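J.: Can you read through this structure? Questions will come right after.
Every number here is computed from the coordinates shown, using simple stated rules; none is lab data. All values reported here derive from a predicted model rather than from experimental measurement. Don't worry about glycine lacking a Cβ; one is built from the backbone with ideal geometry, like all the others, and counts go over all protein chains shown.
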Amino acid sequence: MTPPHAKTWSPRGRTPAVRVRGRSRRRISIAELTCYKPGRRSRLIYRPRRDDGRRDGRKSFSWRDYRDLLIAAHQQLGGPIVLVWDNLNVHKAAGLQEFAASRDWLTIHYLPPYAPDLNPVEGIWSLLRRGWLSNVAFTTPEHLAQRIRRGLRHIQYHTDLINGCLAETGLTMNPSPQATSRVQPQ
């Protein structure tokens, strides 16, 4: 619920101030996949998860949530998936590893440790934070969720933004006979 801030204009001598409540326990987590295939339009698949506000409730995605997202992505994309993931501990959970090993349509590769500059999803987050979420004081978690959905929907329909996030990483798509597509560093 704490708003990201960006530069803005104001009359000289009047610094703009955004007042927010200090309810930092309310948050929304989002799992997101940027999907690239040579000759096809890029896709963005995401799932939000709201913190239920309970002290004992889970605040972020579990490996089962990621599993469900991958199953939905496989159904939407209709083909094998070569997944390039960061080193988030949930991405390396034993249950998710077992799931991946039992699916012939799923291949997982990991980025080097702490390599946000190679992750196109970081570009999507940057677009979202600098655009739809900047300079807004969110009044309710629903207001925040609405702005996030609106921003991600806009990005989904503008494949040039998704392609730009891949280009910013310096990675390219090189088809190989073994896989439908593979992301490789230049």
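J.: Let me understand segment 68-184 better: what is its radius of gyration from the alpha carbons, and its Dmax, in angstrom?
T.: For segment 68-184, the Cα-based Rg and Dmax read 16.2, 51 Å.
J.: Still on this structure, please answer the following. For the pair Y157 and W9, how long in nm is the line joining their label points, each one 7 Å along Cα→Cβ?
T.: Label-label distance for Y157 and W9, simple model: 2.7 nm.
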